[in-house]
Amino acid sequence: MGHHFGRTFVKDEGDLKTVFAIQDQYKLTRLSDWGKTEASQPKGADIWMPLDPKTDPLAEWKTVNRAMIEVPPPSRDADLLQSFARIGIGPGLDVDAQNPSTKRGLARAAVDGKRIIAGAFAGAYLQKQVNGWNYPPPATGRPSPSRDWLFRAVQMLAGFVANDPIEATYLNVSTDGDGKPLSGDNRYVIRFEKGAQPKVKAFWSVTMYNLKYNLVANRINRYSRGDRSGMKADKNGSITIYVQKDSPGADKEANWLPAPEGQFFLILRTYLPAEDIVNQTWQPPRITRVDQ
């Protein structure tokens, strides 16, 4: 069983009604029903919200146990499940029934585990570094067979679901060209020389994220810049993206990617990328800090 998700390109807010009308016509049909005149449609899923760790330090383990009922772990992980069951982790198990010492350990692990995963993402675990940017592991999109649990967790934290590299390759960066963390306290430029933009059959974009892996609110409601953003080329044909908290000036705003207060990271998304991106030989430009 695989996963599938689609995107509908929106040019501007005036396009939204048209796009919503198109999306309302999307349907899922089981392959066994394909071509039948009265194909049955899947019933709506009974969606439940994950439990809140702010009110229960064991919330995430309870959510995990509940999720494993709906999506049973593969049989190849039976040895791990047998081990986890000793501390109340498994399909339908009750962590509240564990002894106080075990529950304290699980509460700490829920916090420390997230810290380890976030550190692996920022530290480029299994990623190829080029000019400060990190290429994703080649197994991105299909991490389960790797049995590399940290890699799987990093993908879930940073993106949950990801395309295979030939469909879309996402490069991330958390530091500037000097290796210092990206911060809204500074100003940066990303300059793609003429002819050196990412080669793609679909489109590419650079998206801004805060350290909670969310988009960053800003006064112009802008979250990315790319080849469909109406950016202006420099006189020599290069493209410069201005990454900073405040406007770089009216003449440069078309190329402005607003930054938040504090640290952030960027993701360069390339859809239907060329072979040099898939095989990770294309070199993205360094992010240059502009002197204050």
Tell me the residue from 31, 106 that is out of contact with any strand residue (DSSP E or B) (no Cβ under 9 Å at 6 or more places or on another chain), under 20 Å from residue 149 (Cα atoms) and among the aliphatic types (A, V, I, L, M), please.
106
Set 230, 184, 177, 226: member being of a type outside the set (Val, Ile, Thr), assigned by TED's automatic domain parsing to the domain that holds residue 246 and in contact with an Asp or Glu (Cβ under 6 Å, 6 or more places away or on another chain):
184
Say whether the condition of being more than 16 Å from the chain's Cα centre (by Cα) and at pLDDT below 95 is met by at least one residue in segment 148-158.
yes
Within segment 22-51, which residues are out of contact with any Pro (no Cβ under 9 Å at 6 or more places or on another chain), of a type in the set (D, E, K, R) and either over 26 Å from residue 8 (Cα atoms) or at pLDDT 70 or above (or both)?
24, 27, 33, 36, 38
Can you name the residue in segment 85-137 that is of a type in the set (Phe, Trp, Tyr) and crowded, with 19+ Cβ neighbours inside 10 Å and, of all such residues, is nearest to the chain's Cα centre (by Cα)?
121
What are the residues in segment 266-282 that are in a loop (DSSP other than H, G, I, E, B), closer than 16 Å to residue 170 by Cβ and among the polar types (S, T, N, Q), if any?
279, 280
Run down 196, 202 and say which single residue is in contact (Cβ under 8 Å) with a residue 60 or more places away in the chain, out of contact with any strand residue (DSSP E or B) (no Cβ under 7 Å at 6 or more places or on another chain), assigned by TED's automatic domain parsing to the domain that holds residue 226 and assigned to a loop (DSSP other than H, G, I, E, B).
196
Taking segment 119-135, which residues are under 12 Å from residue 173 (Cβ atoms) and touching a Phe, Trp or Tyr at 6+ places or on another chain (Cβ under 7 Å)?
127
Among the listed residues 174, 144, which satisfies the condition of being more than 18 Å from residue 272 (Cβ to Cβ) and touching a strand residue (DSSP E or B) at 6+ places or on another chain (Cβ under 8 Å)?
174
Looking at residue 139, is it under 15 Å from residue 268 (Cα atoms), in contact (Cβ under 8 Å) with a residue 12 or more places away in the chain and assigned to a loop (DSSP other than H, G, I, E, B)?
no
Select, from 83, 146, 101, 75, the only residue that is in the same structural domain as residue 271 (by TED's automatic domain parsing), without any contact (Cβ under 8 Å) to a residue 60 or more places away in the chain, of a type in the set (Ser, Thr, Tyr) and farther than 17 Å from residue 209 by Cβ.
146
The condition of being at pLDDT below 95, in contact with a strand residue (DSSP E or B) (Cβ under 8 Å, 6 or more places away or on another chain) and loosely packed, with under 13 Cβ neighbours inside 10 Å holds, among 219, 228, only for 219
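The values are calculated or read from the model by the stated rules, or taken from the named source; none is laboratory data. From a predicted model like this one, the values you see are computed outputs, not experimental measurements. Here Cβ is always computed from backbone atoms with ideal geometry, including for glycine, and neighbour counts include all displayed protein chains.
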